[in-house]
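Laboratory data are not the source of any read-out in this text; all were calculated from the coordinates shown. All figures in this text were calculated on a predicted structure; none of them were measured in a lab. Cβ atoms come from the backbone with ideal geometry, glycine included; neighbour counts cover every protein chain shown.
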């Protein structure tokens, strides 16, 4: 994977000051067709980018998973303009994309408003990578990953009881990329709920909360492809995270 260093520094100052103004100097205008939102918890899934099959797993699989859990008002997009226009209607943003130049002025402003309103943010897998520079990870992830092991088995250990980890065994094995999550000492506080490790290896945060403002933020380092998603533990974890972030 690759780091994308964009002009998101302006958003860091904007969020820190809790002010609503454009993140970048120049806005862009783009007409988009609105989604039709149903009743109940409204979830906007945002994916897209490279090195992952977002259409299969983040769109089709995760949408079906949430709908099976009774969360039926779910939409998916890989478009930053659609994301910006639809966020005001959503209760939870489930973001896993790693597209370059995704942090447009509209996206920055929509995220600012969303966070300030205390909405739910679930950052899945590549959403916790350093995609858009330190501003995103420092404020909304509390750190993040710049490298990872290849897909393979490792152990997950629950280290703190929380609604996000409810129903999960104390330890379980899963096959995925093991993200090397490193906290940012100057970032938002991370509350680690689960750790990932290989036998004799270093332990890394795998599931954690980020305390920033009024928002409910959950980060899950799992979710590269179908290997983790075929695990019942992943289904439980993602469903719990979305419901908790949406205050259900």
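With bins 10 Å wide beginning at 0, the percent of Cα pairs of the range 68-171 falling in each bin runs 12, 39, 33, 16, 0. With both residues required to sit in the chain, DSSP beta bridges show an antiparallel share near 55%.
The orientation-averaged projected area of the convex hull spanned by the Cα atoms of the chain comes to 12.1 nm². Expressed as an acute angle from 0 to 90° and rounded to the nearest 10, what is the orientation of the C-alpha long axis of helix 105-116 relative to the principal long axis of the chain? Between helix and principal axis, roughly 60 degrees. When each of the peptides 141-149, 199-207 is scored by how many other beta carbons lie within 10 Å of its residues on average, the order from highest to lowest is 141-149, 199-207.
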